[in-house]
Amino acid sequence: MGAGVSSWALAKAVSVCGHLGVVSGTALDVIIARRLQAGDPEGHVRRALDSFPFPEMSARIVEKYFIEGGKKEDEPFRTVPMCTMNLSQPHLELIVAANFVEVFLSKEGHNGAVGINYLEKIQVPQLASIYGAMLAGVDYVLVGAGIPREIPGILDNFAENKEASMRLNVLGADKEDIFKMTFDPVNFSCGANLPKLNRPRFLAIIASAVLAQTLVKKGSGKVDGLVVEGPSAGGHNAMPRGVLKLDASGEPIYGPKDDVDLESIKALGVPFWLAGAYGTSERLKEALSMGASGIQAGTPFAFCEESGLTKEIRESIIRKVLDGSASVFTDPKASPTGFPFKLLRLEGSNSEDDVFAARKRVCDLGYLRHLYRKEDNMAGYRCPAEPVDEYVKKGGIAEETAGCKCLCNGLMANIGLAQRRSDGYLELPLLTAGKELSIVKDILKEKGASRSYSAKDVLGHILKDNRLLQ
């Protein structure tokens with residue numbers, strides 16, 4: 001659901017209806033800082049910060065980033081430092097508070113369950129992010145895009161306000177090298193009284209039975225469930241098994257080897273949910289018949305009224321879906337992570353290649369940078385979407401930059417928080433969706449609408465033949 005698309009408003013709308021609403025945990029430090037600079041017009045961020053357990057930290061964040069009435073349209077957003085292994089105390093405070101804010105708002109005023117989703121690939125801010133979400137009482141933590149074996153133990157430690165560490169994936173590191181992040185709630189709070197925390201349930205997002213077995217049997221603690229995600233899902237997808245092959249249109253080819261062995265999943269004895277074009281009543285029934293506890297849906301919610309996408313973008317996409325001029329392309333090169341990434345293409349709009357060809361390469365958010373081992377045995381940072389010469393100077397291969405796009409800035413633009421450059425350039429949206437856009441058409445037809453629908457309408461579509469689940 002991208003950065004800020006699965007926002008607190010959407011998660012709350014789903015949760016109020018009795019299902020698990022999940023917020024995106026990606027780049028929340030930047031998102032909250034920019035919401036404040038945009039004037040926080042309805043006061044949601046500041047209201048949540050008023051409930052943050054450390055009021056002096058909240059006050060510092062508001063003083064630094066809040067602009068009454070919002071910044072001028074032609075002015076840039078004040079930058080937030082890029083995440084590094086040496087996070088400063090002010091940056092830690094922003095990360096913890098931002099995750100608290102998003103979960104607090106999603107849980108405000110009801111008793112439904114709320115989860116937060118993180119990418120294992122974005123490791124550096126993850127410990128502080130999880131602790132912030134737990135301070136707000138998050139019920140579930142979901143992690144994919146990697147091997148999140150250490151997450152269960154981290155949740156156990158944080159539930160007791162104990163220090164937790166995470167080993168970092170550093171390219172070129174030897175087995176003897178230890179690169180890790182550590183977060184200590186006591187040090188972070190500077191000796192303040194720490195609130196009692198509940199341990200959220202952990203759901204691992206996986207695309208193979210082997211990974212599921214590794215996490216359940218060899219993880220650092222209890223895995224409470226699995227989300228089995230297929231290649232039709234939006235956003236990042238797992239790589240196909242074996243040698244990467246592309247079809248005539250340039251998309252990765254997935255075959256029988258990429259089908260997850262659900263019998264092996266069931267044998268693990270933990271509940272699981274199926275994801276990837278499962279957001280219909282028929283697919284829900286199919287999932288239940290295969291032993292799943294339910295399904296995870298993203299694409300139909302991404303374009304509903306409570307989504308974090310701007311109204312202009314949502315309505316434009318819906319028009320294109322209805323007239324058949326929207327399509328989804330699985331791009332093997334677009335994401336700096338190296339994972340295939342689904343791009344939503346709208347006929348009549350400039351292609352993403354044209355957009356990025358006209359854009360000056362810059363990496364100033366840096367969430368998808370790679371950690372690599374430098375000659376001095378220290379960790380460095382590089383991104384295939386940064387200027388090519390800089391990437392090569394850091395030991396990267398120029399060919400790896402071809403077709404790679406700045407997802408970070410594009411995702412910010414999707415939710416109305418685009419950066420304005422000093423030369424006047426405004427970062428443009430970069431949209432993702434799952435393969436089955438037809439679900440959107442079906443929801444609108446059922447509602448008898450032509451322009452918009454709600455999260456409740458999505459749930460009604462999915463559950464129309466499964467009333468006992470409501």
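Below, the figures for the structure above:
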| item | result |
| --- | --- |
| Dipole moment magnitude, nearest 20 debye, the chain about Cα centre, only Lys, Arg, Asp, Glu C-beta charged | 440 debye |
| Proxy reagent accessibility, fewest Cβ within 10 Å first, across ARG319, ARG361, ARG451 | ARG451, ARG319, ARG361 |
| Exposure proxy ranking, count of Cβ atoms within 10 Å, fewest first, for GLU93, GLU347 | GLU347, GLU93 |
| Segment 51-120 - Rg (one decimal) and Dmax (whole number), Cα, Å | 14.6, 42 |
| Dipole magnitude of segment 310-436, debye to nearest 20 (Cβ charges: Lys/Arg +1, Asp/Glu -1, about Cα centre) | 260 debye |
| Rule-of-thumb Rg ratio for segment 1-51 [Cα; 2.2 N^0.38 Å; N residues] | 1.20 |
| Nearby aspartates and glutamates by direct alpha-carbon distance to LYS245 (threshold 18 angstrom, same-chain neighbours under 8 apart not counted) | ASP258, ASP259, ASP331, GLU399, GLU400 |
| Contour excess over end-to-end distance, with Cα ends at SER281 and GLN89 and 0.36 nm allotted per residue | 64.4 nm |
| Theoretical FRET efficiency, 1/(1+(r/R0)^6), r = Cβ-Cβ of GLU251 and ASN187, R0 60 Å, to 0.05 | 0.80 |
| Contour excess over end-to-end distance, with Cα ends at VAL362 and LEU288 and 0.36 nm allotted per residue | 22.1 nm |
| Dimensionless Rg ratio for the chain, taking C-alpha atoms and the 2.2 N^0.38 Å reference | 0.93 |
| Per-residue ³J(HN,Hα) for segment 342-347, Karplus 6.51 cos²θ - 1.76 cosθ + 1.60, θ = phi - 60°, Hz, x for Gly and Pro | 7, 10, 8, 10, 10, 4 |
| Distance (nanometres) between label positions extended 7 Å along Cα→Cβ at LEU268 and VAL392 | 4.3 nm |
| Rounded Å value of the spacing that divides the Cα centres of segment 207-267 and segment 401-415 | 25 Å |
| Segment 171-254: trypsin sites (Lys or Arg not before Pro) falling in loop per DSSP and having at most 13 other Cβ within 10 Å | LYS175, LYS196, LYS245 |
| Sorted by Cβ density within 10 Å, fewest first, the residues THR79, THR432 | THR79, THR432 |
| Sum of -39500 (n - 2.57) over DSSP H runs of 4+, divided by residues of the chain (222 nm, nearest 500) | -9500 deg cm²/dmol |
| Segment 213-308: antiparallel DSSP beta bridges as a percent of all, rounded to 5 | 10 percent |
| Members of LYS320/LYS447; LYS333/LYS435; LYS333/LYS441 lying beyond 20 Å, as alpha-carbon distances in this model show | LYS333/LYS441 |
| Computed label-point distance, nm, for sites ASN198 and SER51 using a 7 Å Cα→Cβ extension | 1.4 nm |
| Segment 310-436: C-alpha pair distances exceeding 20 Å, % | 48 percent |
| Set of lysines with alpha-carbon distance to LYS175 below 16 Å, sequence-local pairs under 8 removed | LYS374 |
| Label point distance in nm, LYS175-ASP423, each placed 7 Å from Cα along Cα→Cβ | 4.9 nm |
| DSSP bridge pairs, the chain: antiparallel proportion in percent, nearest 5 | 40 percent |
| Estimated FRET transfer efficiency when R0 is 51 angstrom, pair LEU322-LYS374 (beta carbons, to 0.05) | 0.50 |
| At least 18 Å along the helix axis (C-alpha) and Kyte average at least 0.0, DSSP helices within the chain | 89-107 |
| Those aspartates and glutamates that a straight Cα-Cα span of less than 17 Å connects to LYS394, excepting residues fewer than 8 apart in one chain | ASP364, GLU375, ASP376, GLU386 |
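Since every read-out is calculated from the coordinates, none of them should be taken as a lab result. From a predicted model like this one, the values you see are computed outputs, not experimental measurements. Using ideal geometry, Cβ is built from the backbone for each residue, glycine included, and neighbour counts are taken over all protein chains shown.
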